[in-house]
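The structure under discussion appears below in the form of structure tokens.
The values are calculated or read from the model by the stated rules, or taken from the named source; none is laboratory data. Predicted, not measured: the structure shown is a model, and the values here were computed from it. Glycine also receives a Cβ, built like all others from the backbone with ideal geometry; neighbour counts cover every protein chain displayed.
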Amino acid sequence: MSSNAPHLILATSPFLKRPVDTPMIMRHVIYSLVPAMLAAAWYFGLSAIMIIVATVAGAMLTEWFFKGRRPFRDSTVADGSAAVTGVLLALTLPPSIPLWMAFLGGAIAIVFGKLIFGGLGHNIFNPSLVGRAFLQASFPVALTTWTAQRGAGGMFGLQGGNLALPLLRPDIDAITTATPLARMKFEATATPLGDLLTGATAGSVGETSAILLLVGGAYLAYRKFLNWRIPLAIFVGVYAVATLLHLLDGTRPDGLFHLMSGGLMLGALFMATDPVTSPVTPLGMWVFGAGTGALVVVIRQFSGLPEGVMYAILLMNGLTPLIDRVTQPRTYGTRRHAHGA
């Protein structure tokens, strides 16, 4: 038989039509976030760009340092996961945050959100939200100071707070304002739906435009890198609980307002869907999403905080192992009570 004859290769399923690896997934996540990042640059100018650079630098340099300081191509930094963590963290931060805080947040996200658990694939909580929670707890004033958008006229200027040095009080040289959630909670003033969709509101760097985040999420779903069950369950949970509360008390915002405001879209589409920190069973995804959505509304309405997406996702991250265990399908031919033995 000729050595050039084709060989029959036998293998078990699944059979992939194209190679799928971590760097490829991370690249597409970055691509899907480009619309939100461009909107951030338009609305908040150079400040948004520098915040993204600072968080990504903090995340990537920290991973490189703690993972052996090998050449870039040979290190885990090359898989892109640290860069995605940095970008997602940046999009949750206010535009006036000092750049050193943004850098620190990226570093904390990697150390305490990822490396402490053993690295990529072993973490329990979403790393970018761990970094955000650390900043929220350590620097609450900086994390709750919102400045008005600058638009095209201020695209090439930094906000004074960005340049503040460590241990010094940030110099806010812009007009401070309230986010749509804060205006509704503390002033009972609703923001027009059109502004929520386009992003013409105060808020975090990348959370303001709901429609652009939906575009990015749709791209990921089309590329099969996002499981639609989790965000859909979150949307249903948010809308159902918010609508119920609105029917009981007409002064509370309705479900549509909750869906389009704050960090709901960013969290539901890009953070709650993290395959490492969310359930793997289809039923578990529905439970995880519905629970996250319900918690978001409960925190927004009954706590002292106007926003609850971060805490809701982190709480459900912690419940993910239990959800997977309870919702795991019964193995054929076994009894359910013997399955967990």
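When Ile234, Ile211 are checked against the criterion of being surrounded by fewer than 20 Cβ atoms within 10 Å (Cβ to Cβ) and either in a loop (DSSP other than H, G, I, E, B) or not aromatic (Phe, Trp, Tyr) (or both), Ile211 stands alone in meeting it.
Against the criterion of being at pLDDT 95 or above and in contact with a helix residue (DSSP H, G or I) (Cβ under 6 Å, 6 or more places away or on another chain), Gly80 does not qualify.
In the range 298-309, of all residues being buried (at least 24 other Cβ atoms within 10 Å of the Cβ) and part of a helix (DSSP H, G or I), the one that is modelled with the highest pLDDT corresponds to Val309. Please give the number of the condition Pro127 fails out of (1) in contact with a Lys or Arg (Cβ under 9 Å, 6 or more places away or on another chain); (2) modelled with pLDDT of 95 or more; (3) surrounded by fewer than 19 Cβ atoms within 10 Å (Cβ to Cβ). Of the numbered conditions (1) in contact with a Lys or Arg (Cβ under 9 Å, 6 or more places away or on another chain); (2) modelled with pLDDT of 95 or more; (3) surrounded by fewer than 19 Cβ atoms within 10 Å (Cβ to Cβ), the odd one out for Pro127 is (3). Condition (residue is surrounded by fewer than 24 Cβ atoms within 10 Å (Cβ to Cβ) and more than 22 Å from Ser32 (Cβ to Cβ)) applied to the range 258-279: is it met by at least one residue? Within the range 258-279 (the criterion being surrounded by fewer than 24 Cβ atoms within 10 Å (Cβ to Cβ) and more than 22 Å from Ser32 (Cβ to Cβ)), the answer is no, since none of the residues qualifies. Looking across the range 275-297 at every residue that is outside any helix (DSSP H, G or I) and among the aliphatic types (A, V, I, L, M), the one that is nearest to Ala240 (Cα to Cα) is identified as Val280.
Residues in the range 156-195 that are of a type in the set (A, V, I, L, M, F, W, C) and over 27 Å from Ala54 (Cβ atoms) were compared, and the one that is modelled with the highest pLDDT is Leu193. Of the residues making up the range 21-52, those that are β-branched (Val, Ile, Thr) and either more than 23 Å from Ala107 (Cα to Cα) or without any contact (Cβ under 8 Å) to a residue 60 or more places away in the chain (or both) are Ile30, Ile49. One residue stands out in the range 32-57 among those that are over 15 Å from the mean Cα position of the chain (by Cα) and of a type in the set (Ser, Thr, Tyr): the one that is surrounded by the fewest Cβ atoms within 10 Å (Cβ to Cβ), namely Tyr43.
Just one of (1) in a helix (DSSP H, G or I); (2) modelled with pLDDT of 80 or more; (3) buried (at least 23 other Cβ atoms within 10 Å of the Cβ) fails for Ala221. It is (3).
Determine if the range 203-222 includes at least one residue that is more than 18 Å from the chain's Cα centre (by Cα) and touching a residue at least 24 places away in the same chain (Cβ under 8 Å). No: the range 203-222 contains no residue that is more than 18 Å from the chain's Cα centre (by Cα) and touching a residue at least 24 places away in the same chain (Cβ under 8 Å). Pairing residues of the range 98-110 that are closer than 18 Å to Ile49 by Cα with residues that are among the acidic types (Asp, Glu) and assigned to a helix (DSSP H, G or I), at Cβ distances under 9 Å and at least 6 apart in sequence or on separate chains, gives no pairs at all.
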